[in-house]
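Step one of this worksheet: look at the structure below.
The values are calculated or read from the model by the stated rules, or taken from the named source; none is laboratory data. Values in this document were obtained by computation on a predicted structure and should not be read as measured data. Here Cβ is always computed from backbone atoms with ideal geometry, including for glycine, and neighbour counts include all displayed protein chains.
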Amino acid sequence: MKLSTKLWIGLGGFAILSPLGLMLPHLFNAHGAWGEWDPQKIKSLVGYVPKGMEKLSSLWKAPLSDYSFRPLQNLGIQHLSLAYIVSAIIGIALCFTIAYLLGKHLSQKDSGKK
C-alpha cells in the first residue's frame, strides 16, 4: 500500500473520529470541548479573562461556528456528530488545497531559477 493511501486512510479515520470531541466532554460532564472556550467561559472557569484573549477574541469569527452547518440543518439533519465530520472533511480539503497550491507555486519558482 502506498504511503499516500495510508495518509488518506488516516485522515479519513480522524475525520470519522472527530465527533469524539463532542461525546467525551458530555460523558465526563466537562461542559464543552477542551480549548473551545469563549471569554465568558474562561471567566467562569478561572475568574478572569486574560487581557490578550479579551483583546483578540473579537478578531476571528469561525466560519462554521459551533460546527453548525446550515445546509445540513436545511436538509433536516440535526446531528451535531455529522456536522463535526463535515467540518473535519472541509478542513482537510482546505488544508490539502492550500498545501497543493503552495507547493505548485513554489515548485514553479524553483524551476524558473535553474
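Considering only residues of the stretch 70-113 that are of a type in the set (G, A, S) and closer than 22 Å to L20 by Cβ, which is modelled with the lowest pLDDT? Write out each step before concluding.
Going through the stretch 70-113, the residues of a type in the set (G, A, S) turn out to be 76, 81, 83, 87-88, 91, 93, 99, 103, 107, 111-112.
Cutting the leftovers down to closer than 22 Å to L20 by Cβ gives us 81, 83, 87-88, 91, 93.
Details: S81: 70, A83: 73, S87: 76, A88: 80, G91: 84, A93: 91.
It comes out as S81.
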Could you list, ordered by first residue, the pairs with Cβ atoms under 8 Å in which the first is in the stretch 85-99 and of a type outside the set (G, A, S) and assigned to a helix (DSSP H, G or I) and the second is surrounded by 11 or more Cβ atoms within 10 Å (Cβ to Cβ) and at pLDDT below 80, at least 6 apart or interchain? I85/S18; I85/P19; V86/F69; V86/L72; I90/L64
Test set (1) surrounded by 14 or more Cβ atoms within 10 Å (Cβ to Cβ); (2) outside any helix (DSSP H, G or I); (3) modelled with pLDDT of 75 or more - A33 fails condition number: (3)
Selection within the stretch 1-32 - charged (D, E, K, R) and either over 19 Å from G91 (Cα atoms) or touching a Phe, Trp or Tyr at 6+ places or on another chain (Cβ under 8 Å) (or both): K2
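May I ask you to list the residues in the stretch 39-50 that are in a loop (DSSP other than H, G, I, E, B) and either in contact with a helix residue (DSSP H, G or I) (Cβ under 9 Å, 6 or more places away or on another chain) or aliphatic (A, V, I, L, M) (or both)? Before the answer, list the steps.
Taking the stretch 39-50 first, the residues in a loop (DSSP other than H, G, I, E, B) are 47-50.
Selection gives Y48, V49, P50.
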